[in-house]
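The values are calculated or read from the model by the stated rules, or taken from the named source; none is laboratory data. All values derive from a computational prediction rather than experimental measurement. Every residue, glycine among them, receives a Cβ derived from its backbone with ideal geometry; neighbour counts consider all protein chains shown. Surface accessibility is based on the protein's heavy atoms, side chains included, excluding ligands, DNA and RNA. Shrake-Rupley method; radii C 1.70, N 1.55, O 1.52, S 1.80 Å.
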Amino acid sequence: LQYCLLIHQLSSMNSTTQIDALVHSEKVRPKPAKKKKADTPLSYRLMVLYRFALALLGGYLLAALSALTIAKVFIANPVNAAMSATLIAFCLNCAAFIWVFMVQKTLKATLGIAVPCIALYALLKFLG
């Protein structure tokens, strides 16, 4: 659009001094300098890898233990217990995966997965 307006203004002018003044009055935008990408340190990459492994394996362990515990608690109706346990386990696995990456400290993420797993394992052993 600016180019069309410039062409229209140039065609309506009859002297070269007016054209030169208009051309030189336009703002010339310099090209932005390319920013160097800072390499991410190895410790950060390892922390992300650890969180991913914790979310994947810890979430699976938490889901499996919760499914087993729910199925043991509601043994009176095994079909509904298995279906409910599977649904809740799937939701817990997704929630654990999201939560591991949401928390700021890695220790808190680790304890947030390990403590419920230990509690569910103890409850499962208590129920027999």
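General observations
- Of the residues LYS108, LYS36, LYS72, ranked by 1.4 Å probe accessible area with the largest first, the sequence reads LYS36, LYS108, LYS72.
- Extension gain from ILE88 to LYS35, taking 0.36 nm per residue of separation minus the Cα-Cα distance: 14.4 nm
- Estimated FRET transfer efficiency when R0 is 22 angstrom, pair PHE101-LEU42 (beta carbons, to 0.05): 0.70
- Stokes-Einstein diffusion for the range 73-128 at 4 °C, viscosity 1.567 mPa s, with a Kirkwood radius from C-alpha pairs, works out to 100 µm²/s.
- Sequence of ARG51, ARG45 when ordered by accessible area, the most exposed leading, probe 1.4 angstrom: ARG45, ARG51
- By accessible area with a 1.4 Å probe, ligands and nucleic acids excluded, highest first: order of VAL48, VAL100, VAL79: VAL79, VAL48, VAL100
- Using C-alpha pairs below 8 Å separated by at least 6 residues, the relative contact order for the range 64-128 is 42 percent.
- Computed accessible area, TYR50, all protein chains, 1.4 angstrom probe, square angstrom: 100 Å²
- The calculated pair-distance distribution of the range 25-109 uses every alpha carbon pair, bins of 5 angstrom beginning at 0, and gives 3, 13, 16, 12, 10, 9, 8, 6, 5, 5, 4, 3, 2, 2, 1, 1, 0, 0 percent.
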